[in-house]
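Structure first, commentary second.
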Amino acid sequence: TYIGDATNLTGTTLTENLVDSDTRINALENNNNVVLSSPSGEKFIVQLDSSYQLQLIPVIPNDIVYVGNSLLLGFTTHGMASYDTTDDYYALVNDYIESKGVTLTPHKVSAVMFERAENSTQLNSFLNSLLLPALSSSTKLVIIQAGDNTTTQATRDFFKTSCATLIEFIHTNAPNARIAWVGTWYINSVNETIDSVCKQYGIARIPLNDLSMVDGNMSHIGATYIDANGDEQTITDAGVASHPSPQGMKAIADRIISTLFN
């Protein structure tokens, strides 16, 4: 017999309510968005630093590091299959932040070397030569959009180790930043590894697989884009065409924004 206020119970039996409670607990374990509001209305994320001290990080950051693959840098100046520098997910997320009156300092880092690493030597080369220069105590958010290019057994096996190393490296070199992991866009077995490491470290997890299957979210052969020289080109390669269209990029940006900032 349950004694107490039953208004929050969702089931009619003990088993049903235990299952519901377990579901809620799991949701809390995967959610690092504990938010506090200041008297002025500014919102902050609460998290622990490496010394187990509570720290407050602005929900709307002014310094972001994007660590991404071809969805971020595939056309050099913008994400692969987006039309130009104004409509990939990077630009759209930045536009939203700046619409809140924030002067934003964004950084782009290619994650392809990280994704293709098969050993610690290759991983450390990425961390120290590419990622480290972008990180600092001023960094407020690191968005990792990686995992799609782990296409061999060797990279998938090492990815199980490299993910945790990446997170710990960011915590050490950007101690005032929260971290979010976006993706993968393509269906990839490494998503299980990403899910696990995000749960272990309390990192926001933003999946994309379902978005890639929505009509219109994937580009197509014949679509056009502006290249790094400012010239309009036509997509003729199926691999390029499998990337997010401008509509798909907006869907990705909307999900990042709704998860991290709202």
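The values are calculated or read from the model by the stated rules, or taken from the named source; none is laboratory data. Computed from a prediction, not measured in an experiment: that's the story for all the values here. Don't worry about glycine lacking a Cβ; one is built from the backbone with ideal geometry, like all the others, and counts go over all protein chains shown. We work out accessible area using only protein heavy atoms, side chains counted, and drop any ligands, DNA or RNA first. Shrake-Rupley method; radii C 1.70, N 1.55, O 1.52, S 1.80 Å.
Couple of notes before you dig in:
- Centre separation in Å (Cα based) which lies between the range 238-262 and the range 189-227: 8 Å
- Within the accessible surface of the range 149-262, defined with a 1.4 Å probe on protein heavy atoms only, the carbon and sulfur portion equals 51 percent.
- Counting only protein heavy atoms and a 1.4 Å probe, the chain has 50 square angstrom of accessible area per residue.
- Dipole magnitude (debye, nearest 20) for the chain, charges at Cβ of Lys, Arg, Asp, Glu: 560 debye
- Relative to the longest principal axis of the Cα atoms of the chain, the long axis of helix 191-201 lies at roughly 50 degrees.
- Which of S37, S50 is most accessible, then next, and so on - probe 1.4 Å: S50, S37
- Between the Cα long axis of helix 153-173 and the first principal axis of the chain there is an angle of about 70°, rounded to the nearest 10.
- Angle in degrees between helix 89-98 and the longest Cα principal axis of the chain, rounded to the nearest 10: 60 degrees
- Ranking by accessible area, most exposed first, for M80, M113, M249 with a 1.4 Å probe: M113, M80, M249
- Semi-axis lengths, largest first, of the ellipsoid equivalent to the range 145-262 are 28, 17, 14 Å, with √(5λ) applied to each eigenvalue of the Cα gyration tensor.
- Sparse-neighbourhood loop sites, chymotrypsin sites (Phe, Trp or Tyr not before Pro) in the range 31-72 - DSSP loop, at most 13 other Cβ within 10 angstrom: Y52
- Amide H contacts under 5 Å for M218, placed H, 5+ residues apart: S245
- Derived value for the chain: Kirkwood hydrodynamic radius 19.8 Å. Basis is the mean of 1/r over every pair of different alpha-carbon atoms.
- Under Karplus coefficients 6.51, -1.76 and 1.60, residue-wise ³J(HN,Hα) of the range 38-43 in Hz, glycine/proline x: 7, x, 7, x, 6, 9
- The fraction of all Cα pairs in the range 61-211 landing in successive 10 Å bins from 0 to the largest distance is 11, 43, 38, 8, 0, given as whole percents.
- Solvent accessible area, Å² - K140, 1.4 Å probe, full protein context: 50 Å²
- Taking the charge dipole of the chain about its Cα centre, with +1 at Lys and Arg Cβ atoms and -1 at Asp and Glu Cβ atoms, the residue from A91, C198, S51 reaching farthest to the positive side is S51.
- Computed from phi, the 3J(HN,Hα) profile of the range 226-234 under the Karplus parametrisation 6.51, -1.76, 1.60 (θ = phi - 60°) reads 9, 7, 5, 8, x, 9, 7, 10, 10 Hz, with x in place of Gly and Pro.
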